[in-house]
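Written below as structure tokens is the structure these notes are about.
Taken together, the values in this text are just the output of simple stated rules run on the coordinates, not laboratory data. What you are looking at is a predicted structure, and each value in this text was computed from that prediction instead of being measured. Cβ placement follows ideal geometry from the backbone for every residue including glycine, while neighbour counts extend to all protein chains displayed.
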Amino acid sequence: MKKTPFNEIHRQLGAKLVEFAGFEMPVQYSGIVQEHKQVRQSVGVFDVSHMGEFFVKGKDAETFLQRNTLNDVTKLAPGRAQYTALVNEKGLLLDDLIVYRFANSYMIVANASNIDKDFAAFSSRRNGDVSLENASDETALLSVQGPNSVATLKKLTEVDLSAIPYYHFVEGKISGMDAIISRTGYTGEVGFEIFFKADGDKCGKMWNSIFDAGKEFGILPIGLGARDTLRLEMGYCLYGNDIDETTNPIEAGLGWITKVDKGEFVGKNAIVKAKENLTRKLVGFVMDENAIPRHGYSIYNQAGEKAGVVTSGTFSPTLETGLGMGYVETSAAAVNNQIFVDIRGKRARAHVVKLPFVAKKN
């Protein structure tokens, strides 16, 4: 397994380490519920250095990304980021991504499990004056999330963090180290993602300085377990669960990033056809009984017919109830529609809700 630059720190903190996307990663430290509530109520730190970072340069970089991602890259000004996705010729999702626009280049952030696949796909489609660099192994990434994230990080930088809008970023120094400071995150809370060189000594210094700065707020390290419950409460997709190479962006609820009117792009024709023949939709649902849905559980409609499958499910620490997301046939996808989740042979009542489950604060 690969290890992030913070692996030894995780061990010293007593984290429960598991394999995730080929990396040894902390799933929890003090406990998922405590870590979850810490992010919702104060501030927590995630090691997400397993994520992939690609740099795209050259005079044709914008044209290249416009043809190979779903969103409209031409709308990006320097200092802005954009949620988007990479699809194949069949319009099926290879990955969801974030694209960052610098003055003369771009950075793509990819999911850890898809780094090699994504880089190979982009490389195979490269033409014109475009260069690609996979900087994943040389890049460390910490995500500082929660209502006290600004108060924590402002002690470590001269950058006016409160002036950075959501999905914008700046290049500056954190704790004296050069960094990309991005107003992004996958929790729905105010927060920042900090990209910097994956130098062992510097990584330790960065980690320790953030925790010293957040001590007054009870700052905690946060594992992948709470990362999952936090993102699910926001209705954010997890690649490999809610989206994969069997799903198209329209049924996955990603039509808002799929700009079919921007011109030609890979997968466009297939996506247009899928939009015209939508047979299922990804929905959020809340359990009406004391039950917890899990990935892979079957969903049934009111007539007792199988109508879909759960893709993500958990007990929500914020709402204190079971909830999840799943694909259901379009006839069962309306908000407030009653559905049933098969949980170990018992069909538990649930109802479809509008996402997100918890209001966004970012």
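A compact table of results
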{"read-out": "Cross-link pairs beyond the 32 Å C-alpha cut-off, checked among Lys154/Lys197; Lys16/Lys361; Lys2/Lys59", "value": "Lys2/Lys59"}
{"read-out": "Three-way shape label, the chain, alpha-carbon gyration tensor, a/c 1.5", "value": "oblate"}
{"read-out": "Gaussian network model of the chain, springs between alpha carbon atoms under 10 Å - residue of Gln338, Gln12, Gln145 with greatest fluctuation", "value": "Gln12"}
{"read-out": "Cα gyration tensor, region 195-340 - rounded (a/c under 1.5), prolate or oblate", "value": "oblate"}
{"read-out": "Positive minus negative residues near Phe64 (Lys, Arg vs Asp, Glu; Cβ under 15 Å)", "value": "0"}
{"read-out": "Sum of -39500 (n - 2.57) over DSSP H runs of 4+, divided by residues of the chain (222 nm, nearest 500)", "value": "-5500 deg cm²/dmol"}
{"read-out": "Cα-derived Rg over Rh, computed across region 121-212 with Rh taken as Kirkwood radius", "value": "1.04"}
{"read-out": "Selection from Ser331, Trp207, Ser316, by position along the positive dipole direction of the chain (Cβ)", "value": "Ser331"}
{"read-out": "Rounded if a/c under 1.5, otherwise prolate or oblate - region 1-128, Cα gyration tensor axes", "value": "prolate"}
{"read-out": "Candidate aspartates and glutamates - alpha carbon under 12 Å from Lys346, same-chain residues fewer than 8 apart omitted", "value": "Glu289"}
{"read-out": "For region 286-323 and region 10-79, distance of Cα centres in Å", "value": "27 Å"}
{"read-out": "Dipole magnitude (debye, nearest 20) for region 191-299, charges at Cβ of Lys, Arg, Asp, Glu", "value": "280 debye"}
{"read-out": "Charge dipole (debye, nearest 20) of the chain; +1 at Cβ of Lys and Arg, -1 at Cβ of Asp and Glu", "value": "600 debye"}
{"read-out": "Net charge of Cβ neighbours under 9 Å - reference Val266; Lys, Arg +1; Asp, Glu -1", "value": "+1"}
